[in-house]
Amino acid sequence: MIRRRLIPYFLLGPGLIWLILFFAIPMYFMGRLALESGTLETGFQFTWEWSNFTDSVSRFDSQFVRSFLYAGTATIIALLIAYPLAYAIAFRGGRWKNALLLAVVAPFFTTYLIRTIAWTTILSDDSFVVDVMRTINLVGEDGRVLATGGAVIAGLTYNFLPFMVLPIYASLERIDERLIEAAKDLYASSRQAFLRVTFPLSAPGVVAGTLLTFIPAAGDYVNAFFLGSINQAMIGNRIQSLYLFERDYPTAAALSFTLMAAILIAVFVYIRFAGSEALMGDEAEDGT
Amino acid sequence: MVRAAWNWVREHALVIYAGLAVTYMLLPLFVITVFSFNDPAGKFNYTWEGFTLDHWENAFGISDLTDALITSLELAALSTVISTALGTLIAIALVRHEFFGRRAANFLIVIPMATPEVVIGAALLSMFLIYGITLGFTTLLIAHIMFSISFVVVVVRSRLIGFDRSLEEAARDLGASPFQTFRLVTFPLLLPGIMGAALLAFALSIDDFVISNFNSGDAVTFPLWIFGAAQRGIPVEVYVIATMLFAVTALAMAFTVWQQRRAERLAAVLPDEPASEAPGGPMPIPPAPGSLGG
């Protein structure tokens, strides 16, 4: 009998130990590194150097602000693009449903870097898209799209869009359409039925989608690297170059710890204000 | 006439919009495929110069690019096998067993998927630096297994939740031992889910740039090679290989979807209800990110 009770631990053991050894414990070491002082030449010592946090944040405050601004904007645009698309697939997809879903995840079939590089081709100075934008005066006569904040936001929006579409689709798909019919039978207009029934029921998907888009976008440095210039550097770019090139490990560790904390706070505040209702809805559903 | 057309557009606005949005999603893939046939004048493959098959014939002609691709494939294969095994065991424990510490286990599985890759990469590198571990293929493998496990758990778990347990009872009633039940009933029905998870783990590994960037040392994977080459201009061969990878993944994906359908038909021995699809649709990709963890 005791053996039976131990079975789940044997099953869990190897995988969870891997996650503890190579995810949880490294987090501790990153925190430790963030409190060290010294330089690469003289070596680093652990000295409870709390000033690493304040110094690095004040030194790279503009990159922090930019990361959250770009990621936030990209998340909102992705939501605006994704919601109608998910709605169309869920309610009007018909026999095309699976094909459309396949098209939504298709970007994942190719390498992330190459997808981003493809956008440098699409948005390059002599490209068709930029020509059109010049003609309709969206950018100036000699204006560029590459190496602007707009290009970085466009890249972030594109790359994380599937993470927005899929959860919204999943929550719309589960809606019992009779509820919408009932609202209409009770004299709700299409708009009222959407605002009072459909949208609230899809809120868990919207919350999940916005988180799945915002979190990776805030830490991303690939889009800023390829589509932006040094003036569009995000905090991820600084963390990467401090770790790998400048080798100022304490500053780098302090920055990435701060990023993690800032994202956790942002997520917490967001769930508190926007998501509590949505999450409650989710729980109610699990209860049935 | 104009009015009729306008009415038609209004009626089908949502469908037209979906078409446009899907076109937008597929646009870069189209560009990559088209530009794999380009014959660029300089080093940069940005403008269309003319059609050529040279780069397709010479796809594996750049030796260090081919080496990087082989490294990526080896890494992805090893990481897929190990992470799929570890993740499947966790999923079985979470769905089939009640035990103390379940919430903590769930938390530990979810949190890596909600952590930006740059933080995961940086944390691992911090640990390797403090212990003075030489970075290379092994550290990459450790990292790839780590970020794949959570995704495997999510996919296999969704399959297990939709599992009709009366089939196992039936097998036992007919005199099958627990091991026979597992081998002949549980495992075959679970297999499409496991294969979907393996496919996802493979895709995550072969696609990963950020975490690998931090922990690669001298090892060069396909994405790392591309990143290194970006300054000098990316050779057309990269576009060719990307197109090939895309085609192979698309086929593997179609195959898994087909397998899943077949398993569902197999499981649907009761005439009334076919076994319900895994929550989140028939796709072996969960509503969670390639880039959250990979």
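Determine one quarter of the surface area of the Cα convex hull of chain A, which equals its mean projected area, and express it in nm² to one decimal. List each step's numbers first, then the result.
Numbers: hull surface 91.4 nm².
Result: 22.9 nm².
Restricting region B:113-188 to trypsin sites (Lys or Arg not before Pro) that sit in a DSSP loop and have at most 11 other Cβ atoms within 10 Å of their own Cβ leaves B:R165. Label zone (B:Y131, point 7 Å along Cα-to-C-beta; backbone nitrogen cut-off 11 Å) within region B:187-227: none.
With all projection directions averaged, the alpha carbon convex hull of region B:1-46 covers 5.0 nm². Legend: calculated FRET efficiency, B:Q231 to A:I17, from the Cβ-Cβ distance at R0 = 56 Å, rounded to 0.05, equals 0.90. Which of rounded, prolate or oblate describes region A:19-163 when judged by the alpha-carbon gyration tensor and an a/c cut-off of 1.5? Note, shape of region A:19-163 comes out oblate. Around B:E11, with a cut-off of 14 angstrom between Cβ atoms, what is the net charge of the other residues, counting Lys and Arg +1 and Asp and Glu -1? Every neighbour counted, the sum reads +3. Of the DSSP H helices in chain B, those that are both long (alpha-carbon extent of 30 Å or more along the helix axis) and hydrophobic (Kyte-Doolittle mean at least -0.5) are B:13-35, B:63-96, B:137-161, B:236-267.
Binning the alpha carbon pair distances of region B:149-265 at 5 angstrom intervals from zero yields the distribution 2, 10, 14, 15, 15, 11, 9, 8, 6, 5, 3, 1, 1, 0, expressed in whole percent. Let me make sure I get this right: for region B:1-152, a, b and c are the square roots of the gyration tensor eigenvalues over alpha carbons, sorted descending. Under 1.5 in a/c it's rounded, otherwise prolate if a/b > b/c, else oblate. Which is it? Judged from the Cα gyration tensor, region B:1-152 comes out oblate (a/c at least 1.5, b/c at or above a/b). The local environment of A:T111, defined by Cβ-Cβ distances under 12 Å, has a net charge of -1 under the rule Lys, Arg +1 and Asp, Glu -1. All other residues whose Cβ lies under 13 angstrom from that of A:W48 are scored, Lys and Arg at +1 and Asp and Glu at -1, for a net of -1.
Helix by helix through chain A, keep the DSSP H runs that span 18 Å or more along the axis on Cα and average at least -0.5 on Kyte-Doolittle, and give those back in order. The partial results should precede the final answer.
On the way: long enough: A:2-19 (26 Å, 0.87); A:61-92 (46 Å, 1.05); A:149-173 (35 Å, 1.20); A:199-219 (30 Å, 1.38); A:249-270 (31 Å, 1.85).
Qualifying helices, which must be both long enough and hydrophobic enough, are A:2-19, A:61-92, A:149-173, A:199-219, A:249-270.
Working from label points 7 Å from Cα in the Cα-to-Cβ sense, the B:H12 to B:L184 distance is 5.4 nm.
Along each principal axis, taking the top coordinate minus the bottom one, the Cα set of region B:62-293 gives 65, 41, 28 Å in descending order.
Take peptide B:86-93, look around each residue's Cβ out to 10 angstrom, count Cβ atoms belonging to other protein chains, and average those counts.
That works out to 6 on average.
When the helices of the protein assembly as shown are scored as -39500 (n - 2.57) per DSSP H run of n ≥ 4 and the total is divided over every residue, the value at 222 nm lands at -22500 deg cm²/dmol. Size of the protein assembly as shown: Rg and Dmax of its alpha carbons, in Å, are 24.7, 81.
Only the coordinates and a few stated rules stand behind these numbers; no lab work does. Being a predicted model, the structure only gives us computed values, none of them experimental. A quick note on method: Cβ atoms are made from the backbone with ideal geometry, for glycine too, and the neighbour counts reach across all protein chains shown.
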